[in-house]
Amino acid sequence: MSNRKPETGAFFPRDRAWQPDAYTPWYKTSVLRSPQKALLSINNTLSEMTGPVFGHDILGELDDDLIHNFAKPGESAIGPRIIVHGRVMDERGRGVGGALLEFWQANAGGRYRHKKEGYVAALDPNFGGCGRTITDEDGHYSFRTIKPGPYPWPNGVNDWRPAHIHFSVFGHGFAQRLITQMYFEGDPLIPLCPIVKTIADPKAIEDLIAPLDMANTIPMDASAYKFDIVLRGRRSTMFENRMEGN
Ligand SMILES: [Fe+2]
């Protein structure tokens, strides 16, 4: 891990023009989940600014390989094999090392391994659908999986989710926690999705779509998609800005 002195300052406030509104009635569950009263402004607490700290010793050998982490010995998950990789950065473009990424997704047919799942697509006995990894000291991460399928969900009469992978990211403070979804370049369901439509800024949607990355494919094995993730940054001193700001 990096020997760089960890930052301990307060975080930038959340950009509410960039994040989706909480109340978006065409995404039906947002109606009951959204706050009914005005939000209060509270300064970052110490526990939001420090920790969590994760070490590589918490990871299992196959945690970053969803093709094999649930499969019987000698078998593998069904579906197009892909590598998903990218860099976790803060709002100033600095890599966030030691960040814990957890990801979960449907199988190649669009089916989740969940008892409340209502879609008729088949389960894959060799696919569990979740994994995790930790970024290197410059913020890079990579994992292997199969490309998930799109699936229908009970929102409107006939709504479908584009193919996507869910991400949870823990950075250097709990205030940086990010839950998001990655979509795949070229998917015609993206502009039709009621959840995607909760995001007002087209650039924010674009940033959630991972482009095909031919440079990092492995011939006869896996294609690759690149997905960079930006966490809330910390306010810094002028000295740090001159040395590293970008
Ligand atoms: Fe999903």
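Bear in mind that the values in this text are calculations on the coordinates, not laboratory data. Given the structure is predicted, the values throughout are model-derived calculations rather than measurements. With ideal geometry, Cβ positions are generated from the backbone for all residues, glycine too; neighbour counts draw on all protein chains shown.
Out of all DSSP beta bridges in the chain, what portion is antiparallel? Express it as a percent rounded to 5.
75 percent
Tell me which residues come under 5 Å, amide H to amide H, from D64 once H is placed; ignore anything under 5 positions away on its chain.
Distant-sequence amide H within range of D64: R132.
Given Cα pairs under 8 Å that are at least 6 residues apart, what percent is the relative contact order of segment 1-128?
For segment 1-128, the relative contact order is 23 percent.
Could you work out how far apart the two model spin labels at T45 and E102 are, taking each label as a point 7 Å from the Cα in the direction of the beta carbon, and quote it in nm?
The modelled label-to-label distance comes out at 2.0 nm.
Ordered by residue, what ³J(HN,Hα) values in Hz, to whole numbers, does segment 13-26 give under the Karplus form 6.51 cos²θ - 1.76 cosθ + 1.60, where θ = phi - 60° and Gly and Pro are x?
x, 5, 8, 7, 7, 8, 6, x, 5, 6, 9, 9, x, 6
Work out the length of the dipole vector of segment 53-244 about its Cα centre, built from +1 on the beta-carbon of each Lys and Arg and -1 on the beta-carbon of each Asp and Glu, and round it to the nearest 20 debye.
So the magnitude is around 560 debye.
Show me, for segment 65-82, the HN-Hα J-couplings you get by feeding each phi into the Karplus relation (A = 6.51, B = -1.76, C = 1.60, θ = phi - 60°), rounded to Hz, glycine and proline as x.
9, 6, 5, 10, 6, 10, 7, 5, x, x, 10, 8, 5, 7, x, x, 7, 9
Please list, short to long, the whole-number percent of alpha-carbon pairs of segment 53-244 in consecutive 10 angstrom bins beginning at zero.
Whole-percent P(r) values from 0 Å outward: 9, 33, 36, 18, 4, 1.
Which FRET efficiency, nearest 0.05, do D57 and V157 yield, Cβ-Cβ r, R0 41 Å?
0.25
Highest first, please rank the peptides 151-157, 109-115, 222-228 by the mean number of other Cβ atoms sitting within 10 Å of their residues.
The peptides rank, most packed first, as 222-228, 109-115, 151-157.
Modelled label-to-label distance, V120 and N216, 7 Å Cα→beta-carbon offset: nm?
Placing both labels 7 Å beyond Cα along the Cβ direction yields 3.8 nm.
Over all directions, the average projected area of the alpha-carbon convex hull for segment 1-120 comes to how many nm²?
Seen from a random direction, the Cα hull of segment 1-120 projects 12.3 nm² on average.
Over segment 53-244, calculate the relative contact order: mean separation of alpha carbon pairs under 8 Å at least 6 apart, over the residue count, as a percent.
26 percent.
Between V88 and residues 5 or more places away or on another chain, which pairs have amide H atoms under 5 Å apart, with H built 1.01 Å from N, and which residues are they?
Amide H to amide H, under 5 Å and 5 or more residues apart or across chains, V88 pairs with V96, H140, Y141, I229.
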